[in-house]
Amino acid sequence: MAGGGFDAPDTGGGLHKQKKYKKGKKIGVRIDMTPMVDVIMLLLTFFILTTTLNTPQIMQINLPKGDEEDKVKVDMGDVLYVRVSETGNAYFSMGKSDGTEEAPEKVSFNDMKAKIESVYRSNPKLIILLKFDRKMKYSTMVDMLDEINKAAIEKRYSFMKLEDADKEIVKTAGG
């Protein structure tokens, strides 16, 4: 039984060499983002073009030019003066045909719509002159205009500056 040396250590002289495999560099996974950016831009463009934008909620006020020929003669008996003090208190006074006006009365914000409607029922040619103090809150003016717009009347009103004489009228009425 010659040459069977299965248990003998390998001396390296045999034909059978074991190959050692080298591990190659791992190539990282790379994702190309260019198509994804293109898709995102297309979606963004689609949503911008198809979305309806809200129009700003503004109040349109037409102011007169102030030319002499534009002046309109108004019977003062058809005029309701609404003066609003710095604290937001409203005072109503009805004009008289002779150019004077009645004593102002304080009207609460909750009763404003009903008061304007009752004055309008007695005089359908009613014109409202709104005089606001410059130091009052802007939200008070907007709330009062909303109440006038809610009233079931023909909307004819004008803004005027609250003069010193008007401030005296408000002060004597309790404001």
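Taking interchain pairs and intrachain pairs at least six residues apart, which have beta carbon atoms under 6 angstrom, with the first residue in segment 124-141 and touching a residue at least 40 places away in the same chain (Cβ under 8 Å) and the second of a type in the set (Lys, Arg)?
Matching pairs, first to second residue: 127/156; 131/83.
Return the pair list, or none, for Cβ contacts closer than 7 Å from residues in segment 86-106 that are free of Cβ contacts under 8 Å to residues at least 12 places away in the same chain to residues that are basic (Lys, Arg) and surrounded by 12 or more Cβ atoms within 10 Å (Cβ to Cβ), at least 6 apart or on different chains.
As it stands, the answer is 102/96, since those pairs meet every condition given.
Before we move on, is residue 98 exposed (fewer than 11 other Cβ atoms within 10 Å of the Cβ), under 17 Å from residue 77 (Cβ atoms) and acidic (Asp, Glu)?
yes
Restricting to segment 117-139, name every residue that is aromatic (Phe, Trp, Tyr) and either within 21 Å of residue 73 (Cα to Cα) or at pLDDT below 85 (or both).
Within segment 117-139, 120 is the sole residue that qualifies.
Regarding segment 40-60, can at least one residue be identified that is in contact with a Leu (Cβ under 7 Å, 6 or more places away or on another chain), aliphatic (A, V, I, L, M), modelled with pLDDT of 85 or more and surrounded by 10 or more Cβ atoms within 10 Å (Cβ to Cβ)?
The answer is no; no qualifying residue exists.
So which residues in segment 12-39 are outside any helix (DSSP H, G or I) and at pLDDT 80 or above, if there are any at all?
29, 30, 31, 32, 33
Return only the number of the condition from (1) under 14 Å from residue 93 (Cα atoms); (2) surrounded by fewer than 16 Cβ atoms within 10 Å (Cβ to Cβ) that residue 127 does not satisfy.
Every condition holds for residue 127 apart from (2).
The values are calculated or read from the model by the stated rules, or taken from the named source; none is laboratory data. Everything numeric in this text was worked out from a predicted model, so none of it was measured. Methodologically, a virtual Cβ is constructed for each residue, glycine included, from the backbone with ideal geometry; neighbour enumeration extends over all protein chains shown.
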